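Student: Quick one: structure below, then a few questions.
The values are calculated or read from the model by the stated rules, or taken from the named source; none is laboratory data. Only a predicted model underlies this, so the values are computations on that prediction, with no experimental measurement involved. Ideal geometry is used to build each Cβ from the backbone, glycine not excepted, and the neighbour counts take in all protein chains shown. Accessible surface is based on the protein model in full, side chains and every heavy atom, while ligands, DNA and RNA are left aside. Shrake-Rupley method; radii C 1.70, N 1.55, O 1.52, S 1.80 Å.
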Amino acid sequence: MYKIIVFTHGDLSKSLKNTAEMISGFNDDVEFFGIPLGCDTGKVLDQITTSIDQSEQAGVDVLVFTDLFFGTPFNLLMTIVNSHKFSHITGVNLPILLEAITLQDQKDLLFHEVLDDLVSKGRASVVNCDILVQELLRKKES
């Protein structure tokens, strides 16, 4: 069991939340935070650190997803990486989020194994469909 936090620019986290819940249902162990233009980023980071600290006190691992490598959410998390216990994957998309939600209750998986699996599956979820179509057409012609 682990908690998931999705931390993105603007309303992306809200949209991911709505879509993930439409597919997999509501989940108390997934939280979503966004940074709208002009917001107090310190307040948002305080909310996230409070959530991380509560999970740590409860003995629950925390996985934080951000949207952009070296974007504001990523950079804010880097300011607390030495003072709070969490794992961080950047480049969140819907497939990796749904996979993380699906794996949340898998008691036989070690947390670090889940992280490796998620990164691998996240990469695999990005497909150049032009190449896919060409391969399908070649197979059809064979």
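Student: Using the Karplus equation 6.51 cos²θ - 1.76 cosθ + 1.60 (θ = phi - 60°), what ³J(HN,Hα) coupling, rounded to whole Hz, does each residue of the stretch 60-69 give in order, writing x for Gly and Pro?
Tutor: 9, 5, 10, 10, 10, 9, 10, 8, 10, 4
Student: Label 7 Å along Cα→Cβ of V127; the stretch 77-104 residues with amide nitrogen under 16 Å?
Tutor: Within reach of a label on V127, which here means backbone N under 16 Å from a point 7 Å along Cα→Cβ, the stretch 77-104 contributes 94-96, 99.
Student: Per residue, how much accessible area does the stretch 1-123 show when a 1.4 Å probe rolls over the protein heavy atoms, in square angstrom? If you can, show how the numbers build up before the last one.
Tutor: On the way: 6710 Å² over 123 residues.
On a per-residue basis, 55 Å².
Student: Here is a further query. Subtracting the Cα-Cα distance from 0.36 nm times the residue separation, let me have the gained length for V60 to K139 in nm, one decimal.
Tutor: Residue separation times 0.36 nm, minus the Cα-Cα distance, leaves 23.7 nm.
Student: How much of the accessible area of the chain, probe 1.4 Å, is carbon plus sulfur, in whole percent?
Tutor: Working: 4700 of 8640 Å².
Ligands and nucleic acids excluded, carbon and sulfur give 54 percent.
Student: Taking the Cβ of N27 as the centre, find all other residues whose Cβ is under 14 Å away and add up their charges (Lys, Arg: +1; Asp, Glu: -1). Before the final figure, lay out each step's value.
Tutor: Details: positive: K3, K17; negative: E21, D28, D29, E31, E99, D105.
Net charge in that neighbourhood comes out at -4.
Student: For the stretch 1-44, which chymotrypsin sites (Phe, Trp or Tyr not before Pro) pass both filters: DSSP loop (anything but H, G, I, E, B) and at most 13 other C-beta atoms within 10 Å? If you can, show how the numbers build up before the last one.
Tutor: Working: sites: Y2, F7, F26, F32, F33; in loops: F26.
Sparse-neighbourhood loop chymotrypsin sites (Phe, Trp or Tyr not before Pro): F26.
Student: Between the DSSP loop rule and a limit of at most 11 other Cβ atoms within 10 Å, which chymotrypsin sites (Phe, Trp or Tyr not before Pro) in the stretch 67-142 are left?
Tutor: Values: sites: F69, F70, F74, F86, F111; in loops: F69, F70, F86.
Loop-located and lightly packed - F69, F70.
Student: Name the trypsin sites (Lys or Arg not before Pro) in the stretch 97-134 that are in a loop by DSSP and that have at most 12 other C-beta atoms within 10 Å, would you? Could you put the intermediate results ahead of the total?
Tutor: Details: sites: K107, K121, R123; in loops: K107.
Taking the stretch 97-134 and a limit of 12 other Cβ atoms within 10 Å, the loop trypsin sites (Lys or Arg not before Pro) found are K107.
Student: Can you give me the relative contact order of the chain as a percent, contacts being Cα pairs under 8 Å and 6 or more apart? Kindly include the intermediate steps, with their values, before the conclusion.
Tutor: Working: 168 pairs, mean separation 37.6, N = 142.
26 percent.
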